[in-house]
Amino acid sequence: ASDYFDKQCRGIEEVKSSVKDREPKEVMLFYNSSNGYICVKKPGDYLYKMIELAGGAYPDKIVETGDDESSSTINVNWEAFYESAEDADILIYNATMDKSIKCIDDLIKTNKLFADFKAVKSGNVYLTNMNIFQKSSKAEEVIRELDRIIEGGDTEDLEYFHKLEKELEPEKADES
């Protein structure tokens with residue numbers, strides 16, 4: 001267990017070292033909640049700490065509301081979300097909470113304003129895979145994948161994230 005932990009720590013230190021001179025990119029992690037709000041992770045959430053370690057930054061316009069210390073998320077209205085995330089470099093949709101998004105067009109169908117977002121226009125929209133929260137022992141691998149996303153590197157074979165295409169390919173639409 002100690003060797004495994006030490007290997008994870010060394011890998012994370014390697015990523016931290018490789019990103020220290022890069023300009024951070026804004027990354028917004030969110031999902032559409034059933035009550036009409038956008039649900040975002042709180043800035044202190046462990047997944048945002050991983051994003052920071054990989055060279056990302058939390059959009060600083062989100063204001064935490066409420067006193068619920070037990071929750072790792074914040075419900076924000078669309079106006080606040082738009083103001084916060086419109087210029088984010090990367091959007092990551094939490095597919096563990098909402099499985100309806102399969103392509104960028106699906107995201108835009110939930111609200112046409114998504115078409116205005118910088119990350120949507122540049123195609124930098126990702127989904128979390130279903131197992132991301134069940135693999136807490138794989139922090140190094142998640143951070144390395146986030147680094148590849150943030151750096152703009154090859155994202156073909158990611159295990160914990162999936163880059164969204166503009167529209168669903170016909171054969172994948174048949175599988176849905």
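The values are calculated or read from the model by the stated rules, or taken from the named source; none is laboratory data. Model, not experiment: these values are computed from the prediction. Here Cβ is always computed from backbone atoms with ideal geometry, including for glycine, and neighbour counts include all displayed protein chains. Ligands, DNA and RNA are excluded from the accessible area calculation, which covers all protein heavy atoms including side chains. Shrake-Rupley method; radii C 1.70, N 1.55, O 1.52, S 1.80 Å.
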Report task. Using a 1.4 Å probe over the heavy atoms of the protein chains, calculate the carbon and sulfur portion of the accessible area of the chain as a whole percent. Result -> 47 percent
Query - Å² per residue, accessible surface of the chain at 1.4 Å - result: 56 Å²
**Report entry** Degrees between helix 139-151 axis and first principal axis of the chain (Cα, 0 to 90, nearest 10)
**Finding:** 60 degrees
Query raised in the report: If you line up the long axis of helix 2-19 against the longest principal axis of the chain, both from Cα atoms, how many degrees apart are they, to the nearest 10?
Result: 60 degrees
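Report the trypsin sites (Lys or Arg not before Pro) located in region 64-133 that are in a DSSP loop and have at most 15 other Cβ atoms inside 10 Å of their Cβ, or state none. Let's see the in-between values first.
Working: sites: K99, K102, K109, K112, K118, K121; in loops: K99, K102.
Sites meeting the loop and neighbour criteria: K99.
Could you grab the relative contact order for the chain? Cα pairs under 8 Å, six or more apart, rounded to a whole percent.
Rounded, it is 25 percent for the chain.
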Report summary line: Packing-ranked peptide list from 10-18, 143-151, 72-80, highest mean Cβ count within 10 angstrom first, is 143-151, 72-80, 10-18
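Cα-Cα over 19 Å: which of K121/K166; K16/K118; K16/K42; K49/K109? All intermediate terms of the calculation are to be shown ahead of the outcome.
Working: K121/K166 10 Å; K16/K118 26 Å; K16/K42 22 Å; K49/K109 30 Å.
The pairs that break the limit, which is 19 Å between Cα atoms, are K16/K118; K16/K42; K49/K109.
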